[in-house]
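Participant: Shown below is the structure under consideration.
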Amino acid sequence: MLAWLLLPIAVMILFGFNDTGSKVNFTWQGFTLNWYRHLFAIPNLTSALVNSLTIALVVAVVATLLGTPIGLALGRYRFRGRSSVDLLMFAAIAAPEIALGAALLSLFIVLGVPRGYWTIVIAHVAFCIPYVAITVRARMAGHDPTLEEAARDLGAGPWTAFRLVTLPMLLPGVASGALLCFALSVDDYVITSFNAGRTVTFPLWVYSASRTGVPPQVNVMGTLIFVGGLIIAGANTCCSPGVARPDPLRSPRPPKHRLTGTRRPVRNNPRGSHHRAQVQRSRVRLPDGEPAGAPPPDREARRPSGRRGLRQRPPRGRRRHVRTDVAL
């Protein structure tokens, strides 16, 4: 199944090195790096790629700024209309793209807005906000609210507690939502075709060029976009903080000395507590005539009854014998 999904990507990467002499890039004719050297040889294709990348960047920023507070509110608070907002978010994701594109086109026509670059941005932001909101909400499900309350108890204000405690925990979800919006915006064709006007994006140009023949530069650009996505995903995986799980079989690391910086070994000496108790007793001022290290004579009498669940016994040799032949 995984090989079937990756097969089209492998064919796209392979035919980016095809030494073809025509616009039809369907037959393998040899290996070459010529198309990487002349990547921007087609001006219309270059401008379409620039339009797609800039639109995706603007959409990712705007949708993240608008969707993050919505996801934060849905994951933290209980308010009237919360179920309706949830239904609206999932309806925007589940609705067919052709329905969203036709609805946005009708809205722009009614308002008299000319279609072009910014109508594409507005349309993409409209269907990307639910993805960011749901991603941030899922991240908020594992957030511990007591951490922010502890920061407030230590004197931090609401904005400081959010900036230093809540926001770092939400950053993986926010970054995932932003990357998802960027990928959806670059890849979108249906909604863009309804609201593009005379603006041409990369998917629109590839579809229009498929009637006469797709040049190898399209394969090279697709390969570079795919490799860039892999690099960003790998960097996000490596830089995301992991959860450290303690090993029950491994002893804790000893603390560093505050002057020398070395770690002092922790010795599990069962006689350590007894030794510390003797040192503490030696520092106690004892009566005159009694050795400093000797235990007090009435140690048995000072021992509290019931200590560690043991009954108090009189000293050996001083036990009292109870007579059983008592006359009634």
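Read-outs throughout are calculated quantities, based only on the coordinates presented, and are distinct from any laboratory measurement. No experiment lies behind these values; they were computed from the predicted model shown. So basically every Cβ, Gly included, is an ideal-geometry build from the backbone, and we count neighbours across all protein chains shown.
Participant: Determine ³J(HN,Hα), in whole Hz, for all residues of segment 44-61 in sequence, where each value follows from phi through the Karplus function 6.51 cos²θ - 1.76 cosθ + 1.60 and θ = phi - 60°; x replaces Gly and Pro.
Facilitator: 3J(HN,Hα) across segment 44-61, in whole Hz: 5, 5, 5, 5, 5, 5, 5, 4, 5, 5, 5, 4, 5, 5, 5, 5, 4, 5.
Participant: Order by neighbour count: Thr160, Thr135, fewest other Cβ atoms within 10 Å first, most last.
Facilitator: Values: Thr160 12, Thr135 25.
Ascending Cβ contact count within 10 Å gives the list Thr160, Thr135.
Participant: Output wanted: per-residue J couplings in Hz (rounded whole) for segment 214-228, from phi through Karplus 6.51 cos²θ - 1.76 cosθ + 1.60, θ = phi - 60°, x for Gly and Pro.
Facilitator: Residue by residue, segment 214-228 yields 8, x, x, 4, 5, 5, 5, 5, x, 5, 5, 5, 5, 5, x Hz.
Participant: Ranked by Cβ crowding within 10 angstrom, fewest neighbours first, how are Arg82, Arg115, Arg211 ordered? All intermediate terms of the calculation are to be shown ahead of the outcome.
Facilitator: Values: Arg82 12, Arg115 18, Arg211 7.
Ordered from fewest to most neighbouring Cβ atoms within 10 Å, Arg82, Arg115, Arg211 come out as Arg211, Arg82, Arg115.
Participant: From Cα pairs below 8 angstrom and at least 6 apart in sequence, can you work out the relative contact order of segment 43-201, rounded to a whole percent?
Facilitator: So the answer I get is 45 percent.
Participant: Separate question: In terms of modelled amide H atoms, which long-range or inter-chain residues lie less than 5 Å from the amide H of Asn25?
Facilitator: Under 5 Å from the amide H of Asn25: Val214.
Participant: Taking the beta-carbon count within 10 Å as an exposure proxy, list Ser22, Ser176 from fewest neighbours to most. All intermediate terms of the calculation are to be shown ahead of the outcome.
Facilitator: Values: Ser22 10, Ser176 19.
Ordered by Cβ neighbours within 10 Å, fewest first: Ser22, Ser176.
Participant: Relative contact order for segment 1-102 using alpha-carbon pairs under 8 Å, separation at least 6, rounded to a whole percent?
Facilitator: Values: 28 pairs, mean separation 11.8, N = 102.
Normalised by residue count, the contact order of segment 1-102 is 12 percent.
Participant: While we're looking at this one, here's another question. Going 7 Å from the Cα of Ala73 in the Cα-to-Cβ direction, what parts of segment 99-127 have a backbone nitrogen less than 12 Å from that spot?
Facilitator: none
Participant: To continue, here is another question. Mind giving me the nanometre distance, one decimal, between the label points for Asp144 and Leu66, set 7 Å out from Cα along Cα→Cβ?
Facilitator: Each label point is offset 7 Å from its Cα along the Cβ direction, giving 3.6 nm.
Participant: If packing is taken as the average number of other Cβ atoms within 10 Å across a peptide's residues, how do 187-193, 177-183 rank, most packed first? Show your work: numbers first, answer last.
Facilitator: Values: 187-193: 18.9, 177-183: 21.7.
Ranking the peptides 187-193, 177-183 by packing returns 177-183, 187-193.
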